[in-house]
Amino acid sequence: IAEAHAVSMAGGLAKQGMVPVVAIYSTFLQRGFDQIVQDIALLHLHVVLAIDRAGLVGDDGPTHHGVFDIGFLRQMPGMRILNPASLAEQRDMLRWAVEDYDGPVAVRYPRGTQGSYTGSAWQGSDGALVKCHRNGSDVALITYGSTLQNALDAAEVLAEQGIEASVLRLLSVSPLPSQQVAACLRQTKLAVIVEETASGSGIRDALGWDLQKLCPDCRVEGIDLGHDFVPHGTLKELYERCGLDAQSIAAYTREVLAR
């Protein structure tokens, strides 16, 4: 249990010209919060945080769910946060973080497989940071990382009920590609942000604020894991319990459309 020491040591290695990769579970990276701020972010050092077990982890239990890291990492000036949705994309993002970037960067990835998407949309920070996986004119589901599969499945459920949903995925959550998202919302006036984080630890408020300024006619809603600690259970059970499975996302979207 030496995460704080590992992060500080990585900062020292970076000051000596090396490019350290610090691989730590999301839930245990919390122990290094102060060191990330003082020993890496404040000095804008090139340290790569490889954040394993991002999001729900199922049978690892409540101590291992990685649902807070986006909240505390987004507070740090200059911190890049990337969210791959496939193993191929994870590889491309890690390579870019090590070889092409110069500063603090986090790559978040889940335990196990990430869904049916196997491609990679990552083209570096100068490329598009929003990928449209499905077009629809009634509502836009906005998500990132492994929650992509749930959003795609929810769009299929909605389509069966006569509701056409776009599915937009953010490759970066810091900085937020708000203008790129806004450009994709021209066909719809409703956006639903779907994220696998504890309430208050995600991007909903920040992205919603940006979109209200960029798209004054757009309505922005959001769904996440809620305020409680998430208990033990399989991923399927936990998604259903927390309202992040495809059926629940579709039901929530129908509800906000009906308001």
Count of region 7-32 residues which are open to solvent by 30 Å² or more (accessible area, probe 1.4 Å), touching a helix residue (DSSP H, G or I) at 6+ places or on another chain (Cβ under 7 Å) and farther than 30 Å from G115 by Cα: 2
Residues satisfying the stated conditions in region 38-59, i.e. crowded, with 18+ Cβ neighbours inside 10 Å, under 13 Å from V105 (Cα atoms) and of a type outside the set (A, V, I, L, M): H46
Region 104-145, residues that are in contact with a strand residue (DSSP E or B) (Cβ under 7 Å, 6 or more places away or on another chain) and on the phi > 0 side of the Ramachandran plot: G145
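Report, by residue number, each residue of region 170-179 that is under 12 Å from the mean Cα position of the chain (by Cα) and surrounded by fewer than 23 Cβ atoms within 10 Å (Cβ to Cβ). Explain how you work it out, then say what you get.
Keep residues of region 170-179 that are under 12 Å from the mean Cα position of the chain (by Cα), which gives 170-176.
The answer is S172, S174, P175, L176.
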Every pair of residues 6+ apart whose Cβ atoms lie under 7 Å, when the first sits in region 239-256 and is in contact (Cβ under 8 Å) with a residue 40 or more places away in the chain while the second is of a type in the set (F, W, Y) and buried (at least 19 other Cβ atoms within 10 Å of the Cβ): D245/Y239
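Here are some residues: Q30, Q35. Which one is more than 15 Å from V105 (Cβ to Cβ), over 20 Å from the mean Cα position of the chain (by Cα) and in contact (Cβ under 8 Å) with a residue 12 or more places away in the chain? Before you say what the answer is, go through the steps one by one.
On the way: Q30 fails: over 20 Å from the mean Cα position of the chain (by Cα).
Criteria check complete, one pass: Q35.
Please specify each residue of region 95-119 satisfying the condition of being modelled with pLDDT under 95 and of a type outside the set (K, R). Before you say what the answer is, go through the steps one by one.
Applying the first criterion (modelled with pLDDT under 95) to region 95-119 yields 110-119.
Within region 95-119, P110, G112, T113, Q114, G115, S116, Y117, T118, G119 qualify.
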Filtered residue count, region 206-236, keeping only those that are farther than 16 Å from L190 by Cβ and touching a residue at least 60 places away in the same chain (Cβ under 8 Å): 9
Unmet requirement for E156, which otherwise passes all of (1) over 24 Å from I70 (Cβ atoms); (2) in contact with a strand residue (DSSP E or B) (Cβ under 8 Å, 6 or more places away or on another chain); (3) not polar (S, T, N, Q): (2)
Residue tally, condition open to solvent by 10 Å² or more (accessible area, probe 1.4 Å) and out of contact with any Pro (no Cβ under 7 Å at 6 or more places or on another chain), over region 223-239: 11
Residue match in region 201-208 (condition: open to solvent by 70 Å² or more (accessible area, probe 1.4 Å) and within 17 Å of the chain's Cα centre (by Cα)): yes
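The values are calculated or read from the model by the stated rules, or taken from the named source; none is laboratory data. Because the structure is predicted, anything quoted here is derived from the model rather than measured. FYI the Cβ positions are ideal-geometry reconstructions off the backbone, even for glycines, and counts take in every protein chain you see. Ligands, DNA and RNA are stripped out before the accessible areas are found, and what is left, the full protein with its side chains, is counted by its heavy atoms. Shrake-Rupley method; radii C 1.70, N 1.55, O 1.52, S 1.80 Å.
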